[in-house]
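Step one of this worksheet: look at the structure below.
The values are calculated or read from the model by the stated rules, or taken from the named source; none is laboratory data. The structure presented is a predicted model; accordingly, all values stated were derived computationally and were not measured. Please note: Cβ atoms are built from the backbone with ideal geometry, for glycine as well, and neighbour counts cover all protein chains shown. Ligands, DNA and RNA are excluded from the accessible area calculation, which covers all protein heavy atoms including side chains. Shrake-Rupley method; radii C 1.70, N 1.55, O 1.52, S 1.80 Å.
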Amino acid sequence: MNLAAGDAFPDVALPDQDGRMQQLSSYTQPTTFDRYAGFKDGYPLIVVFYRGFFCPRDLQQMRQLVQFYDELQVSYAKMVAISADEPKIAAAYRKGLGAAWPFLSDSDKTVIKQLDILDETEGEYAYPAQPYTLVLKPDMRIHRIYNGWYFAGRPTNDELRHDLREVMQELSYYTYQAWAKPEVTAVRIPQQTWQHGANTSGRPLHKGVVESFDSSGNGFIRAAGEKRLVFFNFSAIPGEGNRELSPGTPVQFEIVENVYGQSARNVQNVEIAPETGTLNS
(Lines give C-alpha, C1' and ligand atoms only; values in the text may rest on other atoms or scores of the structure.)
Protein backbone atom coordinates (compact mmCIF):
# COMPACT_ATOMS: atom_id res chain seq x y z
CA MET A 1 0.00 0.00 0.00
CA ASN A 2 1.30 3.44 -0.86
CA LEU A 3 -0.12 5.01 2.30
CA ALA A 4 1.19 4.97 5.86
CA ALA A 5 -0.08 5.76 9.34
CA GLY A 6 -0.75 9.48 9.60
CA ASP A 7 -1.64 9.88 5.92
CA ALA A 8 -5.09 11.01 4.82
CA PHE A 9 -7.15 8.19 3.34
CA PRO A 10 -8.91 9.19 0.09
CA ASP A 11 -12.54 10.17 0.59
CA VAL A 12 -13.92 7.96 -2.16
CA ALA A 13 -17.53 7.30 -3.17
CA LEU A 14 -18.50 3.70 -3.98
CA PRO A 15 -21.79 1.82 -4.42
CA ASP A 16 -22.89 -0.33 -1.50
CA GLN A 17 -24.42 -3.79 -1.66
CA ASP A 18 -27.72 -2.22 -2.78
CA GLY A 19 -26.10 -0.13 -5.50
CA ARG A 20 -26.44 3.17 -3.59
CA MET A 21 -23.44 5.50 -3.75
CA GLN A 22 -21.80 6.07 -0.37
CA GLN A 23 -19.17 8.67 0.47
CA LEU A 24 -16.65 7.16 2.84
CA SER A 25 -16.50 10.24 5.06
CA SER A 26 -20.26 10.04 5.61
CA TYR A 27 -19.60 7.20 8.06
CA THR A 28 -17.28 9.31 10.24
CA GLN A 29 -19.42 12.43 10.51
CA PRO A 30 -20.83 13.65 13.86
CA THR A 31 -24.54 13.01 14.35
CA THR A 32 -27.17 15.71 14.58
CA PHE A 33 -27.18 15.30 18.36
CA ASP A 34 -23.39 15.70 18.44
CA ARG A 35 -23.60 19.03 16.65
CA TYR A 36 -26.14 20.43 19.11
CA ALA A 37 -24.08 19.13 22.05
CA GLY A 38 -20.87 20.62 20.66
CA PHE A 39 -19.14 17.29 19.88
CA LYS A 40 -17.64 17.98 16.47
CA ASP A 41 -15.11 15.15 16.25
CA GLY A 42 -17.06 12.39 14.53
CA TYR A 43 -16.30 8.67 14.75
CA PRO A 44 -13.52 6.23 13.85
CA LEU A 45 -13.92 3.96 10.85
CA ILE A 46 -12.54 0.48 10.18
CA VAL A 47 -12.01 -0.21 6.45
CA VAL A 48 -11.58 -3.85 5.44
CA PHE A 49 -10.33 -4.64 1.94
CA TYR A 50 -11.08 -8.29 1.16
CA ARG A 51 -10.22 -10.45 -1.83
CA GLY A 52 -13.66 -11.84 -2.49
CA PHE A 53 -16.32 -14.39 -1.69
CA PHE A 54 -14.02 -17.23 -2.81
CA CYS A 55 -11.25 -16.67 -0.25
CA PRO A 56 -11.34 -18.90 2.89
CA ARG A 57 -9.10 -16.47 4.78
CA ASP A 58 -11.54 -13.64 4.09
CA LEU A 59 -14.37 -15.85 5.31
CA GLN A 60 -12.58 -16.51 8.59
CA GLN A 61 -11.89 -12.81 9.10
CA MET A 62 -15.46 -11.84 8.27
CA ARG A 63 -16.85 -14.37 10.74
CA GLN A 64 -14.73 -12.78 13.46
CA LEU A 65 -15.91 -9.31 12.45
CA VAL A 66 -19.57 -10.41 12.58
CA GLN A 67 -18.98 -11.19 16.27
CA PHE A 68 -17.15 -7.87 16.74
CA TYR A 69 -19.80 -5.71 15.07
CA ASP A 70 -22.17 -5.68 18.04
CA GLU A 71 -19.32 -4.24 20.09
CA LEU A 72 -18.65 -1.64 17.41
CA GLN A 73 -22.24 -0.45 17.58
CA VAL A 74 -22.17 0.20 21.32
CA SER A 75 -18.78 1.90 20.85
CA TYR A 76 -20.35 4.11 18.13
CA ALA A 77 -17.55 3.17 15.74
CA LYS A 78 -18.18 2.33 12.08
CA MET A 79 -16.96 -0.29 9.63
CA VAL A 80 -17.09 -0.90 5.88
CA ALA A 81 -15.81 -3.74 3.72
CA ILE A 82 -14.54 -3.09 0.18
CA SER A 83 -13.84 -5.55 -2.65
CA ALA A 84 -13.75 -5.73 -6.43
CA ASP A 85 -16.97 -7.78 -6.39
CA GLU A 86 -20.06 -6.39 -8.10
CA PRO A 87 -22.73 -5.08 -5.69
CA LYS A 88 -25.03 -8.09 -6.22
CA ILE A 89 -22.19 -10.47 -5.35
CA ALA A 90 -21.24 -8.41 -2.32
CA ALA A 91 -24.91 -8.41 -1.27
CA ALA A 92 -25.13 -12.21 -1.44
CA TYR A 93 -21.84 -12.62 0.46
CA ARG A 94 -22.96 -10.13 3.12
CA LYS A 95 -26.31 -11.86 3.57
CA GLY A 96 -24.68 -15.27 3.84
CA LEU A 97 -22.38 -13.98 6.56
CA GLY A 98 -25.21 -12.33 8.46
CA ALA A 99 -23.17 -9.10 8.39
CA ALA A 100 -24.85 -5.76 9.10
CA TRP A 101 -22.21 -3.25 8.02
CA PRO A 102 -21.92 -1.85 4.46
CA PHE A 103 -20.12 -3.82 1.76
CA LEU A 104 -18.85 -1.43 -0.90
CA SER A 105 -18.03 -2.37 -4.47
CA ASP A 106 -14.92 -1.15 -6.31
CA SER A 107 -15.68 -3.31 -9.34
CA ASP A 108 -13.73 -1.09 -11.73
CA LYS A 109 -10.82 -1.22 -9.25
CA THR A 110 -10.30 2.55 -9.22
CA VAL A 111 -9.63 2.77 -5.49
CA ILE A 112 -7.73 -0.52 -5.37
CA LYS A 113 -5.36 0.74 -8.06
CA GLN A 114 -5.12 4.17 -6.46
CA LEU A 115 -3.89 2.54 -3.25
CA ASP A 116 -1.62 0.15 -5.19
CA ILE A 117 -3.16 -2.96 -3.63
CA LEU A 118 -4.24 -4.78 -6.80
CA ASP A 119 -3.51 -8.51 -6.57
CA GLU A 120 -2.00 -9.64 -9.87
CA THR A 121 -1.16 -13.17 -8.69
CA GLU A 122 -4.60 -14.71 -8.02
CA GLY A 123 -5.26 -17.91 -9.97
CA GLU A 124 -9.04 -18.22 -9.50
CA TYR A 125 -10.46 -14.73 -10.07
CA ALA A 126 -8.52 -12.00 -11.83
CA TYR A 127 -7.42 -8.83 -10.04
CA PRO A 128 -8.99 -8.83 -6.59
CA ALA A 129 -7.82 -6.50 -3.83
CA GLN A 130 -4.95 -7.45 -1.59
CA PRO A 131 -6.35 -7.90 1.93
CA TYR A 132 -5.71 -4.85 4.10
CA THR A 133 -7.49 -3.61 7.23
CA LEU A 134 -7.17 0.06 8.17
CA VAL A 135 -8.31 1.94 11.26
CA LEU A 136 -9.13 5.57 10.40
CA LYS A 137 -9.56 8.53 12.69
CA PRO A 138 -12.72 10.63 12.23
CA ASP A 139 -10.80 13.09 10.04
CA MET A 140 -9.93 10.15 7.72
CA ARG A 141 -6.28 10.07 8.75
CA ILE A 142 -4.87 6.55 9.09
CA HIS A 143 -4.21 5.34 12.64
CA ARG A 144 -3.20 1.75 11.88
CA ILE A 145 -2.66 -0.46 8.82
CA TYR A 146 -2.76 -4.27 8.86
CA ASN A 147 -1.39 -6.19 5.87
CA GLY A 148 -3.40 -9.41 5.74
CA TRP A 149 -1.68 -11.23 2.88
CA TYR A 150 -1.07 -13.99 5.40
CA PHE A 151 -3.89 -14.48 7.86
CA ALA A 152 -1.57 -13.85 10.81
CA GLY A 153 -1.28 -10.26 9.57
CA ARG A 154 -4.99 -9.58 9.98
CA PRO A 155 -6.09 -7.88 13.20
CA THR A 156 -7.78 -9.76 16.00
CA ASN A 157 -10.88 -8.26 17.57
CA ASP A 158 -8.80 -7.38 20.63
CA GLU A 159 -6.31 -5.48 18.48
CA LEU A 160 -9.11 -3.52 16.83
CA ARG A 161 -10.57 -2.69 20.25
CA HIS A 162 -7.16 -1.43 21.36
CA ASP A 163 -6.86 0.71 18.22
CA LEU A 164 -10.30 2.22 18.73
CA ARG A 165 -9.46 3.03 22.34
CA GLU A 166 -6.31 4.85 21.26
CA VAL A 167 -8.27 6.87 18.70
CA MET A 168 -11.26 7.66 20.90
CA GLN A 169 -9.22 8.76 23.89
CA GLU A 170 -8.21 11.79 21.81
CA LEU A 171 -11.82 12.79 21.08
CA SER A 172 -13.79 15.47 22.92
CA TYR A 173 -16.70 13.22 23.91
CA TYR A 174 -14.69 10.33 25.39
CA THR A 175 -14.80 11.31 29.08
CA TYR A 176 -17.67 11.51 31.55
CA GLN A 177 -16.75 15.12 32.27
CA ALA A 178 -17.49 16.05 28.66
CA TRP A 179 -21.08 14.82 29.05
CA ALA A 180 -21.59 16.64 32.35
CA LYS A 181 -21.03 20.10 30.84
CA PRO A 182 -24.06 22.44 30.98
CA GLU A 183 -24.17 22.86 27.19
CA VAL A 184 -24.52 19.07 26.85
CA THR A 185 -26.99 18.48 29.70
CA ALA A 186 -29.18 21.21 28.20
CA VAL A 187 -29.64 18.93 25.16
CA ARG A 188 -29.34 15.45 26.70
CA ILE A 189 -31.30 16.25 29.86
CA PRO A 190 -30.54 14.17 32.99
CA GLN A 191 -33.57 12.08 33.95
CA GLN A 192 -33.62 13.39 37.53
CA THR A 193 -34.87 16.68 36.08
CA TRP A 194 -38.26 15.00 35.63
CA GLN A 195 -38.44 13.11 38.94
CA HIS A 196 -40.98 15.52 40.38
CA GLY A 197 -43.04 15.99 37.24
CA ALA A 198 -42.84 18.06 34.10
CA ASN A 199 -42.37 21.40 35.81
CA THR A 200 -41.43 24.28 33.55
CA SER A 201 -38.23 26.26 33.92
CA GLY A 202 -40.00 29.61 33.62
CA ARG A 203 -39.29 29.85 29.91
CA PRO A 204 -42.18 30.67 27.55
CA LEU A 205 -44.10 27.69 26.17
CA HIS A 206 -44.22 27.23 22.41
CA LYS A 207 -46.47 25.03 20.31
CA GLY A 208 -45.70 22.94 17.28
CA VAL A 209 -45.84 19.54 15.63
CA VAL A 210 -43.23 16.76 15.66
CA GLU A 211 -41.65 16.77 12.20
CA SER A 212 -39.42 13.71 12.63
CA PHE A 213 -38.17 11.29 15.27
CA ASP A 214 -35.51 8.65 14.58
CA SER A 215 -34.46 5.36 16.13
CA SER A 216 -31.59 7.10 17.95
CA GLY A 217 -34.05 9.15 19.98
CA ASN A 218 -33.54 12.45 18.19
CA GLY A 219 -36.12 14.54 16.39
CA PHE A 220 -37.28 17.93 15.19
CA ILE A 221 -40.36 20.00 15.99
CA ARG A 222 -41.86 22.44 13.52
CA ALA A 223 -42.81 25.49 15.57
CA ALA A 224 -46.39 26.68 15.01
CA GLY A 225 -46.66 29.37 12.36
CA GLU A 226 -42.96 29.21 11.55
CA LYS A 227 -40.73 27.43 9.05
CA ARG A 228 -37.93 26.74 11.50
CA LEU A 229 -37.29 23.33 13.02
CA VAL A 230 -36.28 22.92 16.66
CA PHE A 231 -34.11 19.95 17.62
CA PHE A 232 -34.92 17.71 20.59
CA ASN A 233 -33.47 14.58 22.17
CA PHE A 234 -35.80 11.99 23.75
CA SER A 235 -34.50 13.08 27.18
CA ALA A 236 -36.34 16.41 26.66
CA ILE A 237 -39.62 14.48 27.04
CA PRO A 238 -40.56 14.28 30.76
CA GLY A 239 -40.69 10.74 32.10
CA GLU A 240 -38.57 7.63 32.57
CA GLY A 241 -37.06 5.10 30.19
CA ASN A 242 -36.92 5.42 26.43
CA ARG A 243 -39.53 8.02 25.43
CA GLU A 244 -40.67 8.71 21.89
CA LEU A 245 -43.08 10.86 19.89
CA SER A 246 -44.46 9.99 16.48
CA PRO A 247 -44.19 12.46 13.59
CA GLY A 248 -47.36 14.54 13.37
CA THR A 249 -47.88 14.68 17.15
CA PRO A 250 -48.86 18.16 18.41
CA VAL A 251 -46.62 19.27 21.27
CA GLN A 252 -45.82 22.16 23.54
CA PHE A 253 -42.24 22.86 24.55
CA GLU A 254 -39.70 25.30 25.91
CA ILE A 255 -36.72 26.52 23.90
CA VAL A 256 -33.18 26.43 25.27
CA GLU A 257 -30.61 28.74 23.70
CA ASN A 258 -27.23 27.08 23.36
CA VAL A 259 -23.97 28.24 21.81
CA TYR A 260 -24.51 25.42 19.32
CA GLY A 261 -28.13 26.30 18.46
CA GLN A 262 -31.66 26.07 19.79
CA SER A 263 -33.08 22.87 21.27
CA ALA A 264 -36.38 21.96 22.88
CA ARG A 265 -36.94 21.17 26.55
CA ASN A 266 -40.00 19.87 28.41
CA VAL A 267 -41.60 18.51 25.24
CA GLN A 268 -45.16 17.37 26.00
CA ASN A 269 -47.83 15.75 23.89
CA VAL A 270 -51.01 17.83 23.59
CA GLU A 271 -54.43 17.15 22.06
CA ILE A 272 -56.23 19.11 19.35
CA ALA A 273 -59.67 20.12 20.66
CA PRO A 274 -62.12 19.48 17.77
CA GLU A 275 -64.49 22.31 18.81
CA THR A 276 -61.98 25.11 18.50
CA GLY A 277 -59.00 23.61 16.72
CA THR A 278 -56.76 25.10 19.40
CA LEU A 279 -54.03 23.30 21.25
CA ASN A 280 -54.73 22.43 24.88
CA SER A 281 -52.60 20.63 27.47
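Under a 5 Å amide H cut-off, with hydrogens placed 1.01 Å from N, Gly148 pairs with Tyr132, Thr133 among residues at least 5 apart or on other chains.
Over all other residues within a Cβ to Cβ distance under 14 Å of Glu254, the charged ones net out to +2, with Lys and Arg as +1 and Asp and Glu as -1.
Taking the accessible area of the range 195-261, probe 1.4 Å, and keeping the other protein chains in place, the carbon and sulfur fraction comes to 49%. Which shape class applies to the range 108-166: rounded if a/c is under 1.5, otherwise prolate when a/b exceeds b/c and oblate if not, where a ≥ b ≥ c are the square roots of the Cα gyration tensor eigenvalues? Oblate.
Determine the distance separating the Cα centre of the range 124-143 from the Cα centre of the range 238-259; give it in Å without decimals. With the range 124-143 and the range 238-259 each reduced to a Cα centre, they are spaced 42 Å.
Here's how it looks for Ile82: its modeled amide H is under 5 Å from those of Val48, Phe49, Tyr50, Leu104, which are all 5 or more places away or on a different chain. Listed by chain and number, the lysines whose C-alpha is less than 23 Å from the C-alpha of Lys227, apart from same-chain residues fewer than 8 away, are Lys207. With protein chains left intact and a 1.4 Å probe, residues in the range 94-141 average 46 Å² of accessible area per residue.
In this structure, the amide hydrogen of Tyr43, modeled 1.01 Å from its nitrogen in the peptide plane, lies closer than 5 angstrom to those of Gln29, counting only residues at least 5 positions away or on a different chain. Over the chain, DSSP H runs of length four or greater, each weighted -39,500 (n - 2.57), average out per residue to a 222 nm ellipticity of -6000 deg cm²/dmol. The largest-to-smallest principal axis extents of the Cα set in the range 1-105 are 45, 31, 27 Å. Please report, as a whole percent, how much of the solvent-accessible surface of the range 1-86 comes from carbon and sulfur atoms (probe radius 1.4 Å). That fraction is 47 percent.
Of the trypsin sites (Lys or Arg not before Pro) found in the range 15-71, the ones in coil according to DSSP and having at most 16 other Cβ atoms within 10 Å of their Cβ are Arg20, Lys40.
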